[in-house]
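The values are calculated or read from the model by the stated rules, or taken from the named source; none is laboratory data. Please read these numbers as outputs of a predicted model, since none were measured by experiment. Every residue, glycine as well, gets a Cβ built from its backbone with ideal geometry; the counts of neighbours run over all protein chains shown. Note: areas computed on protein heavy atoms with side chains; ligands, DNA, RNA excluded. Shrake-Rupley method; radii C 1.70, N 1.55, O 1.52, S 1.80 Å.
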Amino acid sequence: MKQMLIAANWKMNKTRVESESFANELLSWVEKNNLRSKILICPPFINIPFVYNILCKTAVQIGAQNCFFEKEGAYTGEISPQMLVSVGCKYVIIGHSERRTHFGENDEVINRKIKSALASELKPIFCVGETLNEREMQLTNNVLERQIRIGLCAIDSNIMENIVIAYEPVWAIGTGISATTEQIDEAHNFIRKLLVDLFGNSGKAVLILYGGSLNSNNAYEIFSLENVNGGLIGKASLDVKEFIQIVEKSEQILS
């Protein structure tokens with residue numbers, strides 16, 4: 001049976017008041033619906049406790065947008081996986097292209113973060129994807145394979161069900177340009193085959209999300225693809241009504 005995870009990545013957006021307003025409106029809707037889709041909200045660090053307090057009695061889960069790979073220490077400005085768990089997080093986004101581009105995170109650093117998250121019983125949402133230049137040079141599969149092989153290096157196949165992959169073509173993030181269904185299908189099928197090659201049957205249990213200008217208009221078509229298990233949503237997740245509409249598209253797929 002197909003599983004779906006609809007994850008909101010708010011990035012560096014929303015004050016405490018705005019976060020609580022979104023959470024309260026989502027709460028009201030969730031309480032009226034028996035949902036099959038999993039819903040995840042990833043606020044900025046400082047707003048995690050406020051959103052958690054509102055949604056903690058529902059099935060909606062809370063995640064973070066990043067973490068460091070050490071448990072504690074003199075790492076000014078960083079947040080450990082253990083800290084995230086202590087405020088109610090179940091997931092953490094790791095390796096987003098914005099972290100790679102703006103903060104210089106490489107595949108090896110991302111691998112350390114994934115291992116640290118797993119050790120703390122956080123589920124990593126491991127982001128992979130190619131730049132426009134890499135796609136134009138027909139290097140998409142090479143990039144995805146490198147990122148996945150290094151990012152998941154020395155991960156035991158027995159815990160692969162605790163990892164989520166998010167395919168986010170860098171050229172489609174926040175641009176309003178979504179990859180075509182053919183491009184998405186091809187990339188997700190490649191990722192699934194690679195996961196099975198690397199981890200056997202455990203690779204079949206990994207949820208693979210799509211991210212990159214996903215919205216309520218294109219969600220149904222994208223979610224219908226065989227190896228798409230939901231979305232990691234940026235801009236469209238900032239509006240609670242738009243986000244709910246995306247969840248509704250997922251529900252239509254599962255009904």
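Normalised by the number of residues in the chain, the mean separation of alpha-carbon contacts (under 8 Å, six or more apart) gives a relative contact order of 21 percent. Taking F69, F243, F103 in turn, the Gaussian network model of the chain (Cα-Cα springs below 10 Å) assigns the largest fluctuation to F103.
Where does the charge balance sit around G95 when Lys and Arg score +1, Asp and Glu -1, over other residues with C-beta under 15 Å from its C-beta? It would help to have the intermediate numbers written out before the result.
Working: positive: K11, R99, R100, R112, K113, K115, K123, R146, R149; negative: E98, E105, D107, E108, E130, E145, E168.
Overall, the nearby charge balance is +2.
Taking only protein heavy atoms into account and a 1.4 Å probe, give the accessible area per residue of the chain in Å².
Values: 12040 Å² over 255 residues.
Accessible surface, normalised per residue, equals 47 Å².
Against the criterion of solvent-accessible heavy-atom surface with a 1.4 angstrom probe, K115, K193, K14, K57 sort, most first, into K57, K193, K115, K14.
Relative to the compact-globule scaling 2.2 N^0.38 Å, provide the ratio for the alpha-carbon radius of gyration of the range 90-177.
Details: Rg = 13.0 Å, N = 88, 2.2 N^0.38 = 12.1 Å.
Taking N as the residue count of the range 90-177, the ratio is 1.08.
Under a Cβ-Cβ cut-off of 10 Å, what is the net charge of the residues other than V109 that fall near it, where Lys and Arg count +1 and Asp and Glu count -1? Computed value for this residue: +1. Modelled this way, with points 7 Å down the Cα-to-C-beta line, the labels at I159 and Q245 are 4.0 nm from one another. Note on R146 and Q82: the model spin-label points, each 7 Å out from Cα along the C-beta direction, lie 3.5 nm apart. Relative to one another, the C-alpha centroids of the range 176-196 and the range 98-152 are positioned 15 Å apart.
Averaging Cα coordinates gives a centre for the range 216-255 and one for the range 5-31; these two points are 16 Å apart. Of the solvent-accessible surface of the range 45-159, computed with a 1.4 Å probe and all protein chains present, 51% belongs to carbon and sulfur.
Dividing the Cα convex hull volume of the range 124-255 by residue count, how many Å³ per residue is that?
Values: hull volume 13.4 nm³, N = 132.
Dividing the Cα hull volume of the range 124-255 by its residue count gives 101 Å³.
The sum of -39500 (n - 2.57) across all DSSP H runs of n ≥ 4, divided by the residue count of the chain, sets its helix-only mean residue ellipticity at 222 nm to -12500 deg cm²/dmol. For the residues E20, E226, E242, a GNM of the chain with alpha-carbon springs under 10 Å puts the largest fluctuation on E226.
Lys and Arg at +1, Asp and Glu at -1: add these up for the other residues within a Cβ distance under 14 Å of V30 and post the number. The answer is +1.
Ignoring solvent entirely, what values of log10 I(q)/I(0) come out of the Debye formula for the chain at 0.11, 0.15 Å⁻¹ when each Cα is a single scatterer? Treating every Cα as an identical point scatterer, log10 I(q)/I(0) equals -0.54, -1.06.
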